[in-house]
Amino acid sequence: MDEATVTHTIESLDRRLDQHLEYLRGRALACPPGGGRAWDEALGHYQIGADPAHLRVECAMKSGQRAGATVEEFERALTALARFAGDELEQVLPSATLSRLSLSPPSAHRVEMFRARLRSFVSIERERYGRDVGAREHAPQTVGGSVSSVFANAQSTAKLAPWANIKVDPSTIMSCFTCGAPQEKPLDFKCRYCKNAMYEKR
């Protein structure tokens, strides 16, 4: 194996990682808060189990997401993607083989940069996704806030979840199987948010 092959392989793996990442981000961001059918298909493609609908809704409401699959599920997808990329790197460019090669400083640096990307991949992309969907834990922090500002923030972020201010009868609640939003009108079994059928009863 020569140096040109090593460089070409690393660049190819880097591009493919970007492509898979953008596919996952696109599917995740296109979902209503908590997830949906398109996201479920993406998880299935990578053989990742999906959380129950009620857990997705709880996570989305807790973090105040305005859209997208839950940060927790997206992080699991990132972890799987980083693992796949690392396994493929070891398969095509085994560490034992690379250690025997006398790579030039630029080529050696390129290999190490890709390895460093894999090590920080999950944390960096999770943070970026969290900001994109408006998750509270990723919101910019302010210094010197007062109690009144805390209540003001809570009131404003409550509007981000479309079901946050809906009043429903607690005795019988129908929730959307796809996105988890509650039924708003009796005998109306079409979800107002994702337009899918509502048939899971809690």
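The values are calculated or read from the model by the stated rules, or taken from the named source; none is laboratory data. Everything numeric in this text was worked out from a predicted model, so none of it was measured. Note that we place each Cβ from the backbone using ideal geometry, even for glycine, and neighbour counts take in every protein chain shown.
Annotations for the structure displayed:
- Top-ranked residue of region 118-155 - restricted to ones that are modelled with pLDDT under 75 and among the hydrophobic types (A, V, I, L, M, F, W, C), ranked as farthest from G64 (Cα to Cα): V143
- Residues satisfying the stated conditions in region 34-83, i.e. on the phi > 0 side of the Ramachandran plot and out of contact with any Cys (no Cβ under 8 Å at 6 or more places or on another chain): Q47, G64
- Total residues in region 67-83, condition surrounded by fewer than 16 Cβ atoms within 10 Å (Cβ to Cβ) and basic (K, R): 1
- The listed residue being farther than 14 Å from A69 by Cα and of a type outside the set (V, I, T), out of E41, E3: E3
- When restricted to residues that are assigned to a helix (DSSP H, G or I) and loosely packed, with under 14 Cβ neighbours inside 10 Å, region 1-15 contains 6.
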